[in-house]
Amino acid sequence: MELLAEEAVDEVVQFLRELESKSRTSRGGDHTLAKSPHKILDLRRTAYLSGHPRVESCPPDRGVEVAFAGRSNVGKSSLINALCERRSLARTSAAPGRTRLLHFFAVDDACRLVDLPGYGFARASKAERASWQRMVEGYLRNRNSLVRLMLLMDVRHPLRDSDGQLLEWCHSTELPVHILLNKADKLSRSKAQRTLADLRQTLQGESETPISLVSARTGLGLEAVRDALRAYLEQG
Ligand SMILES: Nc1nc2c(ncn2[C@@H]2O[C@H](COP(=O)(O)OP(=O)(O)OP(=O)(O)O)[C@@H](O)[C@H]2O)c(=O)[nH]1
Ligand SMILES: [Mg+2]
């Protein structure tokens, strides 16, 4: 089953490579600074750029970005570190609500990763939630260089309300999504595979949305996701 999941991602990677000369037109981004499709990006060279409270102050909206979103504590920052094989590129914490700004990481001159603050943080005040919404919505709505949202969910609690809403919103604005079921190490292999199969079934009509089972802790499933990530970043 794990092989099946990886094959599915491979197919998407292949599909994207075939399409890589065409840029996404729906968001009208200027992806002209994106790397040549033949150059393989080295994620390990990713460097921290800066953190921003508003989309208006973010780095210039040129090139290509892939952002990581999801509920607080689901492992977005940990997964960025694991994918880049770096221990503390993005700040992580056992307590929810660690990432409070839009954090940018440069893979190279033209390609960035973005670590978004998590939603659904139970202890957050009303004002903090409103601020999150402004920040993240502002980013997702306005960022032309955003080519793909990596939507993380805890494999033990997939597709909570806010995940479903975000997913729907992405579809309505034609923002491509890749779902990552993280913390797979917390479940038995068979339970994790069942969750993956159930989610595929639930999202049947969205066959263009890849779903991967991963663990930022053990590295499970990360090689296929690295391939997909490089393909998304090179698609400009
Ligand atoms: N067991 C396990 N723990 C993980 C995994 N990924 C992350 N964690 C742990 O989950 C906690 C939260 O990780 P973060 O990466 O800070 O989560 P986040 O989604 O960035 O959280 P916010 O910044 O609050 O939105 C930390 O204690 C991590 O060590 C995983 O794959 N398996
Ligand atoms: Mg974080």
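The values are calculated or read from the model by the stated rules, or taken from the named source; none is laboratory data. Please read these numbers as outputs of a predicted model, since none were measured by experiment. Cβ sites come from the backbone with ideal geometry, for glycine too, and all protein chains shown count toward neighbours.
Only a single criterion out of (1) in contact (Cβ under 8 Å) with a residue 12 or more places away in the chain; (2) within 16 Å of ligand 1 (Cβ to nearest atom) is not satisfied by GLY138, namely (2).
Where in the range 69-186 are the strands (runs of 3 or more DSSP E), entirely inside, with at least 1 residues that are within 11 Å of ligand 2 (Cβ to nearest atom) and surrounded by 21 or more Cβ atoms within 10 Å (Cβ to Cβ)?
Working: elements: 102-106, 111-115, 146-154, 177-182.
Ranges flagged: 102-106, 111-115, 146-154.
Of the residues that make up the range 55-66, is at least one surrounded by fewer than 16 Cβ atoms within 10 Å (Cβ to Cβ), within 26 Å of SER215 (Cβ to Cβ), in contact with a helix residue (DSSP H, G or I) (Cβ under 7 Å, 6 or more places away or on another chain) and not acidic (Asp, Glu)? Scanning the range 55-66 turns up no residue that is surrounded by fewer than 16 Cβ atoms within 10 Å (Cβ to Cβ), within 26 Å of SER215 (Cβ to Cβ), in contact with a helix residue (DSSP H, G or I) (Cβ under 7 Å, 6 or more places away or on another chain) and not acidic (Asp, Glu). Selection of first residues in the range 93-104 that are over 13 Å from ARG71 (Cα atoms) and of second residues that are more than 9 Å from ligand 2 (Cβ to nearest atom) and in a loop (DSSP other than H, G, I, E, B), restricted to Cβ pairs under 9 Å at least 6 apart or on distinct chains, gives the following pairs, ordered by first then second residue: LEU101/PRO53; LEU102/PRO53; LEU102/ARG54; LEU102/CYS58; PHE104/CYS58; PHE104/PRO59.
Going by the structure shown, is ALA122 over 21 Å from ASP185 (Cβ atoms) and either near ligand 1 (Cβ under 8 Å from one of its atoms) or in contact (Cβ under 8 Å) with a residue 12 or more places away in the chain (or both)?
On the way: over 21 Å from ASP185 (Cβ atoms): yes; either near ligand 1 (Cβ under 8 Å from one of its atoms) or in contact (Cβ under 8 Å) with a residue 12 or more places away in the chain (or both): yes.
Answer is yes for this residue.
Among the conditions (1) more than 17 Å from VAL66 (Cα to Cα); (2) surrounded by 19 or more Cβ atoms within 10 Å (Cβ to Cβ); (3) in contact (Cβ under 8 Å) with a residue 40 or more places away in the chain, the only one that ALA197 does not satisfy is (2). Restricting attention to the range 224-235 and to residues that are touching an Asp or Glu at 6+ places or on another chain (Cβ under 8 Å) and not aliphatic (A, V, I, L, M), the residue that is nearest to ALA106 (Cα to Cα) turns out to be GLU234. Could you please let me know if LEU83 is within 16 Å of ligand 1 (Cβ to nearest atom), touching a residue at least 40 places away in the same chain (Cβ under 8 Å), of a type in the set (A, V, I, L, M) and farther than 19 Å from ALA216 by Cβ? In short, no.
Looking only at residues of the range 185-223 that are in contact with a Gly (Cβ under 7 Å, 6 or more places away or on another chain) and of a type outside the set (S, T, N, Q), we find that the one that is nearest to PHE105 (Cα to Cα) is ALA216. If you check ALA106, ALA127, ALA94 for being of a type in the set (A, V, I, L, M), at pLDDT below 95, out of contact with any His (no Cβ under 8 Å at 6 or more places or on another chain) and away from ligand 1 (no atom under 11 Å from the Cβ), only one passes: ALA127.
Mind telling me which of the residues LEU146, LEU199 ends up being more than 16 Å from ligand 1 (Cβ to nearest atom), of a type in the set (A, V, I, L, M, F, W, C), modelled with pLDDT of 95 or more and under 20 Å from GLU56 (Cβ atoms)?
Details: LEU199 fails: under 20 Å from GLU56 (Cβ atoms).
Checking each option against the conditions leaves just LEU146.
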